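The values are calculated or read from the model by the stated rules, or taken from the named source; none is laboratory data. Keep in mind it's a predicted model, so treat the numbers as computed, not measured. For neighbour counting, all protein chains shown are included, and Cβ atoms are generated from backbone atoms with ideal geometry for every residue, glycine included. Side chains are part of the model used for accessible areas, which takes the heavy atoms of the whole protein and leaves out ligands, DNA and RNA. Shrake-Rupley method; radii C 1.70, N 1.55, O 1.52, S 1.80 Å.
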Amino acid sequence: MKKLSEMLQETTQFILDQGVKEIEFGMILGSGLGELADEIEDAIKIPYDKIPFFPVSTVVGHAGQLVYGTLSGKKVLAMQGRFHFYEGHSMQTVTYPVRVMGALGAHSVIVTNACGGVNESFVPGDLMLISDHINFTGTNPLIGPNEDEIGPRFPDMSQAYTPAYRESAKEVANKLGLDLKEGVYMGYSGPTYETPAEIKMSRVMGADAVGMSTVPEVIVAAHGGLKVLGISCITNLAAGMQANLNHEEVVETTERVKQSFKALVKETLAVL
Ligand code: HPA
């Protein structure tokens, strides 16, 4: 198997050959927020299936392309659709695009997702700034040989979600009149939603929200020295807190709040 640095060399060369130049921010647009990529100016779009070492996303509602250009005056490379562990991809594959963003020179990533609310004061449609996470996926994308030129063997996760970025997002939410929540995101592998017992456990453990993404990508961002802003959309109350869970509700809620979600991300990006 090729070394990660060799793979990155091939992938970044391919992306640069498509006309991509300097990048400030990587963006991972989760369920419902994909259309933010349609607002990127002077866009260069690169379908995942053309990119060396990228897999193809299989989830309905995820377009599956990189979009490069200018958003809020910043040079961004956005993932319209992400890869999930539950699709059968390895953790290395799930997080490979974050490696690529770093290798292309991004200093930060903005990650968004849809998740279930565990905190009893949350309601569906709330937006939550991620202050920290609990890796409950049962694995870690950094397991395996470490390439020291990319990052340290034992990365510090004390400030994985950049405090200054969180402050900026809160100020922007205030200006927009948005009631932005803040809390801990607990990442499960999925694809099942959690059981009511698991949600009780999650709450006791300190989770405010649960989901099936984001944690691997943020671990790899921290490893590579990238700053992170994470924002979740609480699409439903977690298992046991409402009658039942289904993907339709997740999609409906993201549709309902996408205007404010997009505004928050764009306006925050402008001041980072
Ligand atoms: N659990 C896990 N992932 C989710 C949820 C949930 O309740 N809602 C949206 N994504």
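I'm trying to understand the selection: among the residues of segment 200-222, which are over 15 Å from His89 (Cα atoms), in a helix (DSSP H, G or I) and more than 10 Å from the ligand (Cβ to nearest atom)?
First, the residues of segment 200-222 that are over 15 Å from His89 (Cα atoms): 200-211, 218-222.
Of the ones still in play, those that are also in a helix (DSSP H, G or I) are 200-205, 218-222.
Lys200, Met201, Arg203, Val204, Met205, Val218, Ile219, Val220, Ala221, Ala222 - these are the residues of segment 200-222 that are over 15 Å from His89 (Cα atoms), in a helix (DSSP H, G or I) and more than 10 Å from the ligand (Cβ to nearest atom).
Return a yes/no flag: does segment 159-176 have any residue that is touching a helix residue (DSSP H, G or I) at 6+ places or on another chain (Cβ under 6 Å) and not in a helix (DSSP H, G or I).
Yes, segment 159-176 contains a residue that is touching a helix residue (DSSP H, G or I) at 6+ places or on another chain (Cβ under 6 Å) and not in a helix (DSSP H, G or I).
With Glu35, Glu22, Glu10 as the choices, which residue is more than 16 Å from the ligand (Cβ to nearest atom), open to solvent by 10 Å² or more (accessible area, probe 1.4 Å), in contact (Cβ under 8 Å) with a residue 60 or more places away in the chain and not in a loop (DSSP other than H, G, I, E, B)?
Exactly one of Glu35, Glu22, Glu10 is more than 16 Å from the ligand (Cβ to nearest atom), open to solvent by 10 Å² or more (accessible area, probe 1.4 Å), in contact (Cβ under 8 Å) with a residue 60 or more places away in the chain and not in a loop (DSSP other than H, G, I, E, B), namely Glu35.
Mind listing whichever residues of segment 172-199 are more than 26 Å from Glu248 (Cα to Cα) and either among the hydroxyl-bearing types (Ser, Thr, Tyr) or within 12 Å of the ligand (Cβ to nearest atom) (or both)?
none
Is there a residue in segment 186-201 that is free of Cβ contacts under 8 Å to residues at least 40 places away in the same chain, of a type in the set (D, E, K, R) and surrounded by fewer than 20 Cβ atoms within 10 Å (Cβ to Cβ)?
No - not one qualifying residue is present in segment 186-201.
Just the residues that are of a type outside the set (A, V, I, L, M) and either buried (at least 21 other Cβ atoms within 10 Å of the Cβ) or closer than 28 Å to Gly138 by Cβ (or both), please, taken from segment 166-185.
Here is the first cut: in segment 166-185, the residues of a type outside the set (A, V, I, L, M) are 166-168, 170-171, 174-175, 177, 179, 181-183, 185.
Arg166, Lys181, Glu182, Gly183, Tyr185 - these are the residues of segment 166-185 that are of a type outside the set (A, V, I, L, M) and either buried (at least 21 other Cβ atoms within 10 Å of the Cβ) or closer than 28 Å to Gly138 by Cβ (or both).
I'd like to check something: does segment 102-117 contain any residue that is modelled with pLDDT of 95 or more, touching a Phe, Trp or Tyr at 6+ places or on another chain (Cβ under 8 Å) and more than 22 Å from Lys266 (Cα to Cα)?
Yes, that holds for at least one residue.
If you check Glu267 against the conditions, is it more than 10 Å from the ligand (Cβ to nearest atom), out of contact with any Phe, Trp or Tyr (no Cβ under 6 Å at 6 or more places or on another chain), within 20 Å of Gly190 (Cβ to Cβ) and open to solvent by 10 Å² or more (accessible area, probe 1.4 Å)?
Considered against the rule, which asks whether it is more than 10 Å from the ligand (Cβ to nearest atom), out of contact with any Phe, Trp or Tyr (no Cβ under 6 Å at 6 or more places or on another chain), within 20 Å of Gly190 (Cβ to Cβ) and open to solvent by 10 Å² or more (accessible area, probe 1.4 Å), Glu267 comes out as no.
Please name all residue pairs, on different chains or six or more residues apart, with Cβ atoms under 7 Å, provided the first residue is in segment 102-114 and is over 10 Å from Gly26 (Cβ atoms) and among the aliphatic types (A, V, I, L, M) and the second residue is open to solvent by 20 Å² or more (accessible area, probe 1.4 Å) and assigned to a loop (DSSP other than H, G, I, E, B).
Ala114/Ser31; Ala114/Gly32
Here is a check on your reading of the model: is Thr137 part of a strand (DSSP E or B), within 14 Å of the ligand (Cβ to nearest atom) and polar (S, T, N, Q)?
Working: part of a strand (DSSP E or B): no; within 14 Å of the ligand (Cβ to nearest atom): yes; polar (S, T, N, Q): yes.
No, not satisfied.
Tell me, which residue of segment 223-259 that is under 22 Å from Ala37 (Cα atoms), open to solvent by 40 Å² or more (accessible area, probe 1.4 Å) and away from the ligand (no atom under 15 Å from the Cβ) is modelled with the highest pLDDT?
Looking at residues that are under 22 Å from Ala37 (Cα atoms), open to solvent by 40 Å² or more (accessible area, probe 1.4 Å) and away from the ligand (no atom under 15 Å from the Cβ), I get Lys227.
Any residue at all in segment 72-81 that's open to solvent by 40 Å² or more (accessible area, probe 1.4 Å), more than 16 Å from the ligand (Cβ to nearest atom) and within 17 Å of Gly225 (Cα to Cα)?
Checked against the condition, which is being open to solvent by 40 Å² or more (accessible area, probe 1.4 Å), more than 16 Å from the ligand (Cβ to nearest atom) and within 17 Å of Gly225 (Cα to Cα), segment 72-81 yields no hits at all.
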